Amino acid sequence: MASQDTERDADGYSLSSTLDNDDRLLQDIGYKNSFKREFTNLATISFAFSIMGLCSSVATTFNTPLLIGGPSSVTWCWILGSCMSLTLGTSIAEITSAFPTCGGMYTASAYLCPKKYRPIVGWIVGWLNLFGQIVGLSSSEFGLANMIWAAVVIGKDGHYELTNGKIVGLTVALLIVHGLLNCLGTRYLARFTSSFVFINLGATLIIIITLLSMTPRSEMHAASYVFGSQGFINQTGGWNNGLSFLFGLLSVQWTMTGYDATSHISEEVKRAAYAAPVAIFIAVIGTGLIGWLLNIVLILCSGPLENLPGASGSSFLEIMVLRIGKAGALVLWTPVCLTAFFVCQTGLQAGSRCIYAFARDRMLPFPFSHSSLDLSKINTHTKTPIRAIWFVALGSVLPALLLFASAEAVNAIFAMTAMAYDLSYIVPIILRRVFTNHPEVEFKPGPFYLGPGWFGWAVNIICVLWTLFVCVLFSIPNYLPVTAGTMNYASVCTFGVVILSLVWYFLGYDFSSFIVPG
């Protein structure tokens, strides 16, 4: 008979059996866990919601669909992108359930192909994902910095000179703050993270309710403006209406990415094969539905389009000022900024675990894998990869410097994030299907499984085709004519990373020490 005083975790499960099962599964994959499993179900779900940062991510990217394709682009692109993102998120959740390691999709990719392809597949997917981690964190910090400065501009009634130096300076300062916070022990990170979901969703719902209650019915836009042809406004300078409408997908695709962040912390999650994929699935559905409602309400209450984005440069904030007043808008803007702060916090945690996994598998060049700078080292006191944390934090400064080139160059960071992440996601999904019956590939489904029938195939095929489509779309400049200032650098940078990594691979990277997962 089991002892009645068996120690149990916060979710009510036997602590010893939970940890044994988690670590046994990790050993079967080929790794020994170096982290403490402190993330409960609540903390894991909160982490998954926080990486997408609903209201802050919408606030950061709301200008793009509104000012390029018009109000209807905002409304319809969000729900279209959310439905497609659900297929991708579900596919990633299935793979995470089978391979709950901090290496995420790149580790899974190496397992899901024959041995002779494992080094190059792991190499390409790994570098794509790492690139997505760095530009994703950089774009999030850049968005947060702009949100803070927007509040300053509103507070000073537009009488404030905002320079590129101030934006980049604040971005760097925020990266340092998040670097320091991520150096805390896993237990404190888990407790800190548990509250994120309540602030994220709470702030969103309060904004929705406040805008609806403070906007006179006579001043709300008609349904044809929110959902119909009256809201199709092409401001691209020459692209056709269909393309201008689809450019609105940037907002939802940037928001609804980073799903694999939860897989990167799976070695810190209790019952990871269950909790991590379920958290991804719940967060994608919740963010998609509540985000659609938020976008609809923002358009309903937006006022004249010609007044946006206003002095602050943020259409989201200007709409709140219009309906709530300056003081009320700034009060509600605080939790929005706090949500963005959480996005950056969780993004850096996920990114550092990704780079830790890289170093652990010897995928980084000397000296980052072989010397006193080894990024796979875990701090003995905090049980966190502090070196990897600062590598990602400082590396994320570089994309933010694009602001000194042009505003459009910075906008490319958001497109690069979606492209790099999503391309790294679909590789293991494709491999899982192409090599299903290969003798060297054994896919052992985890508890979260789409099944062997037509449904799983349909979900996987849809998400792959959709990802390829949006990657082509995000490679197109948003405005005509195309100049050095309006050029979209997303495809150049993303595929440049792939090409450079391949050149490095074929010109003699020393693979004698490269540990190929599986």
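Tabulated values for the structure
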| quantity | calculated |
| --- | --- |
| Conditions (1) modelled with pLDDT under 85; (2) farther than 15 Å from GLY122 by Cα; (3) buried (at least 24 other Cβ atoms within 10 Å of the Cβ); (4) charged (D, E, K, R): number failed by ARG353 | (1) |
| Number of the condition not met by THR193 [criteria: (1) closer than 30 Å to GLY351 by Cα; (2) of a type outside the set (A, V, I, L, M, F, W, C); (3) out of contact with any strand residue (DSSP E or B) (no Cβ under 8 Å at 6 or more places or on another chain)] | (3) |
| Elements of type helices (runs of 4 or more DSSP H) in the stretch 1-96, at least 3 residues being of a type in the set (A, V, I, L, M) and either within 30 Å of ILE476 (Cα to Cα) or modelled with pLDDT of 75 or more (or both) | 41-52, 54-61, 63-68 |
| Tabulated pairs, the stretch 430-444, first under 14 Å from VAL125 (Cβ atoms) and open to solvent by 60 Å² or more (accessible area, probe 1.4 Å), second aliphatic (A, V, I, L, M) and at pLDDT 90 or above, C-beta under 7 angstrom, 6+ apart or interchain | ILE430/VAL464 |
| Residue within the stretch 213-224 that is buried (at least 21 other Cβ atoms within 10 Å of the Cβ) and touching a Cys at 6+ places or on another chain (Cβ under 9 Å) present | no |
| Residue ranges of helices (runs of 4 or more DSSP H) in the stretch 105-200 with at least 1 members free of Cβ contacts under 8 Å to residues at least 60 places away in the same chain and in contact with a Gly (Cβ under 7 Å, 6 or more places away or on another chain) | none |
| Helices (runs of 4 or more DSSP H) within the stretch 378-464 that include 2 or more residues over 30 Å from TYR274 (Cβ atoms) and modelled with pLDDT of 85 or more | 386-395 |
| Residue match in the stretch 470-492 (condition: assigned to a helix (DSSP H, G or I) and either over 27 Å from LEU243 (Cβ atoms) or of a type in the set (Phe, Trp, Tyr) (or both)) | no |
| Output for the stretch 233-273, where each listed residue is more than 23 Å from LEU298 (Cβ to Cβ), part of a loop (DSSP other than H, G, I, E, B) and among the hydroxyl-bearing types (Ser, Thr, Tyr) | TYR259 |
| Selection count, the stretch 278-319, where residues are outside any helix (DSSP H, G or I) and open to solvent by less than 10 Å² (accessible area, probe 1.4 Å) | 3 |
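The values are calculated or read from the model by the stated rules, or taken from the named source; none is laboratory data. A quick note: this is a predicted structure, and the numbers were derived from the prediction, not measured. Ideal geometry is used to build each Cβ from the backbone, glycine not excepted, and the neighbour counts take in all protein chains shown. Ligands, DNA and RNA are stripped out before the accessible areas are found, and what is left, the full protein with its side chains, is counted by its heavy atoms. Shrake-Rupley method; radii C 1.70, N 1.55, O 1.52, S 1.80 Å.
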